[in-house]
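Since the structure comes first, as C-alpha coordinates, the remarks are kept for the end.
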Amino acid sequence: MRRLAPVALFLLALSCSAPAKPPAIAASAPTVADAAFQKASAEVYRAYFDRIPTAFGGTLGVALGMHQYDGKLPDDSPAALQSRAAFLSESLARLEAFPARELSEGSRLERDVFVTRLRGAIFELVARRTPWRSPLYYVGALSLINYTTRDYAPVDERARAVLSVCRAARG
(Lines give C-alpha, C1' and ligand atoms only; values in the text may rest on other atoms or scores of the structure.)
Protein backbone atom coordinates (compact mmCIF):
# COMPACT_ATOMS: atom_id res chain seq x y z
CA MET A 1 0.00 0.00 0.00
CA ARG A 2 2.86 2.37 0.82
CA ARG A 3 4.30 1.81 -2.64
CA LEU A 4 1.09 3.03 -4.21
CA ALA A 5 0.95 6.23 -2.15
CA PRO A 6 3.58 8.14 -4.20
CA VAL A 7 1.90 7.08 -7.44
CA ALA A 8 -1.51 8.10 -6.13
CA LEU A 9 -0.14 11.48 -5.00
CA PHE A 10 1.48 12.03 -8.38
CA LEU A 11 -1.76 11.20 -10.22
CA LEU A 12 -3.73 13.45 -7.89
CA ALA A 13 -1.33 16.34 -8.47
CA LEU A 14 -1.41 15.73 -12.19
CA SER A 15 -5.22 15.73 -12.32
CA CYS A 16 -5.40 18.97 -10.32
CA SER A 17 -2.95 20.86 -12.48
CA ALA A 18 -4.27 23.40 -14.94
CA PRO A 19 -4.85 22.07 -18.45
CA ALA A 20 -2.30 23.06 -21.04
CA LYS A 21 -3.39 25.96 -23.17
CA PRO A 22 -3.35 25.33 -26.90
CA PRO A 23 -0.83 27.43 -28.78
CA ALA A 24 -2.36 30.63 -30.02
CA ILE A 25 -2.41 31.20 -33.73
CA ALA A 26 -0.85 34.53 -34.42
CA ALA A 27 -3.44 36.72 -36.05
CA SER A 28 -2.40 38.12 -39.37
CA ALA A 29 -4.25 40.74 -41.32
CA PRO A 30 -6.73 39.48 -43.91
CA THR A 31 -5.34 39.53 -47.40
CA VAL A 32 -7.01 40.33 -50.71
CA ALA A 33 -7.11 36.60 -51.48
CA ASP A 34 -8.87 35.81 -48.17
CA ALA A 35 -12.31 37.01 -49.27
CA ALA A 36 -12.19 34.98 -52.47
CA PHE A 37 -10.91 31.94 -50.59
CA GLN A 38 -13.60 32.23 -47.90
CA LYS A 39 -16.30 32.43 -50.58
CA ALA A 40 -14.93 29.43 -52.49
CA SER A 41 -14.42 27.31 -49.37
CA ALA A 42 -17.96 28.06 -48.13
CA GLU A 43 -19.39 27.03 -51.50
CA VAL A 44 -17.37 23.80 -51.55
CA TYR A 45 -18.34 23.06 -47.94
CA ARG A 46 -22.07 23.45 -48.63
CA ALA A 47 -21.84 21.46 -51.87
CA TYR A 48 -19.89 18.73 -50.11
CA PHE A 49 -22.61 18.14 -47.53
CA ASP A 50 -25.38 18.48 -50.12
CA ARG A 51 -23.74 15.73 -52.18
CA ILE A 52 -22.59 13.60 -49.26
CA PRO A 53 -24.87 14.19 -46.23
CA THR A 54 -23.05 11.48 -44.30
CA ALA A 55 -19.64 12.85 -45.17
CA PHE A 56 -16.43 11.42 -43.77
CA GLY A 57 -17.84 7.97 -43.09
CA GLY A 58 -20.76 8.68 -40.78
CA THR A 59 -23.47 11.12 -39.94
CA LEU A 60 -21.11 14.08 -39.65
CA GLY A 61 -23.62 16.62 -40.92
CA VAL A 62 -26.07 15.59 -38.20
CA ALA A 63 -23.32 15.48 -35.57
CA LEU A 64 -22.31 19.03 -36.50
CA GLY A 65 -25.88 20.21 -35.94
CA MET A 66 -26.77 20.45 -39.63
CA HIS A 67 -30.17 18.89 -39.16
CA GLN A 68 -31.30 19.48 -42.73
CA TYR A 69 -29.43 16.18 -43.28
CA ASP A 70 -31.39 14.25 -40.64
CA GLY A 71 -32.62 10.96 -41.99
CA LYS A 72 -30.79 11.25 -45.31
CA LEU A 73 -28.49 8.68 -46.84
CA PRO A 74 -26.04 9.29 -49.67
CA ASP A 75 -26.51 7.89 -53.14
CA ASP A 76 -23.78 5.26 -53.32
CA SER A 77 -24.62 3.92 -56.76
CA PRO A 78 -21.62 3.41 -59.08
CA ALA A 79 -22.60 6.49 -61.12
CA ALA A 80 -22.96 8.61 -57.97
CA LEU A 81 -19.60 7.43 -56.65
CA GLN A 82 -17.97 8.36 -59.96
CA SER A 83 -19.65 11.77 -59.83
CA ARG A 84 -18.51 12.16 -56.22
CA ALA A 85 -14.89 11.42 -57.18
CA ALA A 86 -15.06 14.08 -59.91
CA PHE A 87 -16.61 16.58 -57.49
CA LEU A 88 -13.92 15.91 -54.87
CA SER A 89 -11.14 16.35 -57.43
CA GLU A 90 -12.67 19.58 -58.77
CA SER A 91 -13.11 20.91 -55.23
CA LEU A 92 -9.53 20.05 -54.36
CA ALA A 93 -8.23 21.83 -57.46
CA ARG A 94 -10.41 24.85 -56.69
CA LEU A 95 -9.03 25.22 -53.16
CA GLU A 96 -5.43 24.43 -54.13
CA ALA A 97 -5.64 27.24 -56.69
CA PHE A 98 -5.32 29.66 -53.76
CA PRO A 99 -1.58 29.89 -53.05
CA ALA A 100 -1.03 29.48 -49.31
CA ARG A 101 1.50 32.32 -49.24
CA GLU A 102 -1.20 34.78 -50.37
CA LEU A 103 -3.60 33.90 -47.55
CA SER A 104 -3.69 35.10 -43.97
CA GLU A 105 -2.56 32.60 -41.37
CA GLY A 106 -6.14 31.67 -40.41
CA SER A 107 -7.23 31.12 -44.02
CA ARG A 108 -4.03 29.20 -44.73
CA LEU A 109 -4.79 26.84 -41.83
CA GLU A 110 -8.39 26.43 -43.00
CA ARG A 111 -7.20 25.74 -46.54
CA ASP A 112 -4.67 23.15 -45.38
CA VAL A 113 -7.24 21.31 -43.25
CA PHE A 114 -9.86 21.30 -46.01
CA VAL A 115 -7.36 20.23 -48.68
CA THR A 116 -6.15 17.40 -46.45
CA ARG A 117 -9.72 16.20 -45.86
CA LEU A 118 -10.47 16.29 -49.60
CA ARG A 119 -7.28 14.37 -50.40
CA GLY A 120 -8.24 11.76 -47.81
CA ALA A 121 -11.73 11.39 -49.27
CA ILE A 122 -10.28 11.04 -52.79
CA PHE A 123 -7.79 8.46 -51.57
CA GLU A 124 -10.53 6.40 -49.90
CA LEU A 125 -12.77 6.57 -52.94
CA VAL A 126 -10.33 6.35 -55.85
CA ALA A 127 -7.16 4.64 -54.61
CA ARG A 128 -8.49 2.33 -51.90
CA ARG A 129 -11.89 1.93 -53.62
CA THR A 130 -13.40 1.51 -50.17
CA PRO A 131 -17.06 1.40 -51.29
CA TRP A 132 -16.26 -1.63 -53.46
CA ARG A 133 -13.92 -3.38 -51.03
CA SER A 134 -15.33 -2.84 -47.57
CA PRO A 135 -18.90 -3.49 -46.51
CA LEU A 136 -18.14 -1.38 -43.43
CA TYR A 137 -18.12 1.68 -45.70
CA TYR A 138 -21.92 1.60 -45.64
CA VAL A 139 -22.31 1.16 -41.89
CA GLY A 140 -21.35 4.73 -40.95
CA ALA A 141 -24.25 6.23 -42.87
CA LEU A 142 -26.64 3.94 -40.99
CA SER A 143 -25.46 5.07 -37.56
CA LEU A 144 -28.33 6.21 -35.36
CA ILE A 145 -26.13 7.33 -32.47
CA ASN A 146 -26.55 11.07 -33.12
CA TYR A 147 -30.33 10.71 -33.17
CA THR A 148 -30.57 8.66 -30.00
CA THR A 149 -27.92 10.12 -27.71
CA ARG A 150 -28.18 13.84 -28.43
CA ASP A 151 -31.22 15.72 -27.21
CA TYR A 152 -31.14 18.32 -30.01
CA ALA A 153 -34.84 18.08 -30.84
CA PRO A 154 -38.02 16.60 -29.40
CA VAL A 155 -38.06 12.81 -29.32
CA ASP A 156 -40.79 12.53 -31.98
CA GLU A 157 -38.75 14.64 -34.43
CA ARG A 158 -35.64 12.53 -33.85
CA ALA A 159 -37.73 9.36 -34.19
CA ARG A 160 -38.93 10.57 -37.61
CA ALA A 161 -35.31 11.02 -38.67
CA VAL A 162 -34.48 7.48 -37.49
CA LEU A 163 -37.46 6.14 -39.48
CA SER A 164 -36.27 8.04 -42.55
CA VAL A 165 -32.83 6.41 -42.30
CA CYS A 166 -34.44 2.98 -41.89
CA ARG A 167 -36.76 3.51 -44.86
CA ALA A 168 -33.93 4.82 -47.04
CA ALA A 169 -31.78 1.82 -46.11
CA ARG A 170 -34.56 -0.51 -47.19
CA GLY A 171 -34.32 0.87 -50.68
Judged on accessible area alone, 1.4 Å probe, highest first, 91, 77 line up as 77, 91
Expected vector for segment 140-149, Karplus 3J(HN,Hα) from phi with 6.51, -1.76, 1.60 and θ = phi - 60°, integer Hz, x for Gly and Pro, equals x, 5, 8, 5, 9, 4, 5, 7, 9, 9
Yeah, segment 35-171 with a ≥ b ≥ c from its alpha-carbon gyration tensor (a/c under 1.5 is rounded, else prolate when a/b outruns b/c, oblate otherwise) is oblate
Please arrange 163, 92 by accessible surface area, largest first, computed with a 1.4 Å probe and ligands excluded.
163, 92
Could you please state, rounded to a whole Å, how far the C-alpha centre of segment 59-94 is from the C-alpha centre of segment 99-171?
7
Can you compute 3J(HN,Hα) from phi for each residue in segment 29-46, using the Karplus curve 6.51 cos²θ - 1.76 cosθ + 1.60 with θ = phi - 60°, rounded to whole Hz and x for Gly and Pro?
5, x, 9, 4, 6, 4, 4, 5, 5, 4, 5, 5, 5, 5, 5, 5, 4, 4
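The values are calculated or read from the model by the stated rules, or taken from the named source; none is laboratory data. Everything numeric here is computed off the predicted structure, so don't read it as measured data. Note: accessible area is taken over every heavy atom of the protein model, side chains too, but ligands, DNA and RNA are not part of it. Shrake-Rupley method; radii C 1.70, N 1.55, O 1.52, S 1.80 Å.
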